[in-house]
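Undergrad: Got a structure for you, questions after.
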Amino acid sequence: MTYKSDFLNVLDERGFIAQGTNIDGLDAACAEGVVTGYIGFDATAPSLHAGSLIQIMMLYWLQQSGHRPLPLMGGGTTKVGDPTGKDEQRKLLTDAGIQSNIDGIKGVFEKFLTFGDGPTDAVMVNNDDWLSKLGYVEFLRDYGVHFTINRMLTFDSVKLRLERESPMTFLEFNYMLMQAYDFHALYNRYGCTLQLGGTDQWGNIVNGVELCRRKDGIVRRR
């Protein structure tokens, strides 16, 4: 398939495209001007594993195609732990341990992305900047009402865990709400309109799309 935008053409050539919520809208936006997009990386280790290279290369090609990448450090979400593909809860790290891991991971991105203040320069962001400032009751009132348990139980990160009869803590169950909030926060802070990620993150990505539609009144999401 041939796209209008260089970004989607290069991703398609490399087999990076699996699915999207609005591919045509993304293609048009990328062809018209600069698009800001992000991928999140939790700081569970001092470096990234080999599988993260695909996500890094998507951010690399986003920038090379004339757009702005936001590598998101999961300083906040690491405190909870992504339950996707796990049979047990991740080991909880201290704040100092998370920060040490973030410091190590930053060096990886500097090898692939150009950081700065220009319109297409990468910006390193940390979701702890907003997640740790949320009041629990206020968060539930303002954002929890936009998610249903019925819908959350259909996502693979939860469904597969339950099918294997592996316990899932309430802490982990909240992870998808936090990741959805990330997209909402990045849209309002940086004008970010594009989420990228592996297919295992599809449910979390869709949650972010739906939250932005409801809270920000944004119809065209990717």
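The values are calculated or read from the model by the stated rules, or taken from the named source; none is laboratory data. Just so it is clear, the model here is predicted, and its values are computed rather than measured. We place every Cβ from the backbone using ideal geometry, glycine too, and count neighbours over all the protein chains shown. Surface accessibility is based on the protein's heavy atoms, side chains included, excluding ligands, DNA and RNA. Shrake-Rupley method; radii C 1.70, N 1.55, O 1.52, S 1.80 Å.
Undergrad: Filter the range 51-96 for residues that are within 14 Å of M176 (Cα to Cα), without any contact (Cβ under 8 Å) to a residue 60 or more places away in the chain and open to solvent by less than 20 Å² (accessible area, probe 1.4 Å) and give the result.
TA: G74, T78
Undergrad: Considering only the range 5-23, how many residues are charged (D, E, K, R) and touching a helix residue (DSSP H, G or I) at 6+ places or on another chain (Cβ under 8 Å)? Explain how you work it out, then say what you get.
TA: Going residue by residue through the range 5-23, those that are charged (D, E, K, R) are 6, 12-14.
Okay, now just the ones that are also touching a helix residue (DSSP H, G or I) at 6+ places or on another chain (Cβ under 8 Å), so 6, 14.
Selection size over the range 5-23: 2.
Undergrad: Being within 19 Å of the chain's Cα centre (by Cα) and not hydrophobic (A, V, I, L, M, F, W, C) is the filter; apply it to the range 1-24 and report the residue that is farthest from C192 (Cα to Cα).
TA: Taking the range 1-24 and keeping what is within 19 Å of the chain's Cα centre (by Cα), we get 7-8, 11, 16-23.
Among the residues that remain, those that are also not hydrophobic (A, V, I, L, M, F, W, C) are: 19-22.
Details: Q19: 19, G20: 16, T21: 15, N22: 15 Å.
The selected residue is Q19.
Undergrad: From the list V125, V158, V206, pick out the single residue that is open to solvent by less than 80 Å² (accessible area, probe 1.4 Å), aliphatic (A, V, I, L, M) and touching a strand residue (DSSP E or B) at 6+ places or on another chain (Cβ under 8 Å).
TA: Numbers: V158 fails: touching a strand residue (DSSP E or B) at 6+ places or on another chain (Cβ under 8 Å); V206 fails: touching a strand residue (DSSP E or B) at 6+ places or on another chain (Cβ under 8 Å).
One residue alone meets the criteria, V125.
Undergrad: Same structure, new question: Being more than 16 Å from M73 (Cβ to Cβ), open to solvent by 40 Å² or more (accessible area, probe 1.4 Å) and in a loop (DSSP other than H, G, I, E, B) is the filter here; which residues of the range 18-50 pass it?
TA: If we filter the range 18-50 for residues that are more than 16 Å from M73 (Cβ to Cβ), which is where we start, we get 18-36, 50.
Those left that are additionally open to solvent by 40 Å² or more (accessible area, probe 1.4 Å): 18-19, 21-24, 31-32, 34, 50.
Answer for the range 18-50, where residues must be more than 16 Å from M73 (Cβ to Cβ), open to solvent by 40 Å² or more (accessible area, probe 1.4 Å) and in a loop (DSSP other than H, G, I, E, B): A18, Q19, T21, N22, V34, A50.
Undergrad: If you don't mind, another one. Given the condition assigned to a loop (DSSP other than H, G, I, E, B), under 28 Å from L162 (Cβ atoms) and within 19 Å of the chain's Cα centre (by Cα), answer yes or no: does some residue in the range 60-78 qualify? Steps first, please.
TA: Here is the first cut: in the range 60-78, the residues assigned to a loop (DSSP other than H, G, I, E, B) are 65-67, 75-76.
After this cut, where a residue has to be under 28 Å from L162 (Cβ atoms) as well, the list is 76.
Still in the list and also within 19 Å of the chain's Cα centre (by Cα): 76.
Scanning the range 60-78, I find at least one residue that is assigned to a loop (DSSP other than H, G, I, E, B), under 28 Å from L162 (Cβ atoms) and within 19 Å of the chain's Cα centre (by Cα), so the answer is yes.
Undergrad: Also: Among the residues that make up the range 141-152, is at least one of them farther than 29 Å from S47 by Cβ, open to solvent by less than 80 Å² (accessible area, probe 1.4 Å) and among the aliphatic types (A, V, I, L, M)? So that I can check it myself, show each step before the final result.
TA: Initially, the range 141-152 is screened for residues farther than 29 Å from S47 by Cβ, giving 141-152.
Okay, now just the ones that are also open to solvent by less than 80 Å² (accessible area, probe 1.4 Å), so 142-144, 146-148, 152.
So of that shortlist, the ones also among the aliphatic types (A, V, I, L, M) come out as 152.
Taking every residue of the range 141-152 in turn, at least one turns out to be farther than 29 Å from S47 by Cβ, open to solvent by less than 80 Å² (accessible area, probe 1.4 Å) and among the aliphatic types (A, V, I, L, M).
Undergrad: Restricting to the range 184-209, and then to whatever is at pLDDT 95 or above and among the aliphatic types (A, V, I, L, M), can you tell me which residue is farthest from P71 (Cα to Cα)?
TA: Checked the range 184-209; the qualifying residue farthest from P71 (Cα to Cα) is A185.
Undergrad: Run down Y187, Y175 and say which single residue is surrounded by 13 or more Cβ atoms within 10 Å (Cβ to Cβ) and free of Cβ contacts under 8 Å to residues at least 40 places away in the same chain. Reasoning before the result, please.
TA: Working: Y175 fails: free of Cβ contacts under 8 Å to residues at least 40 places away in the same chain.
From the options Y187, Y175, the qualifying one is Y187.
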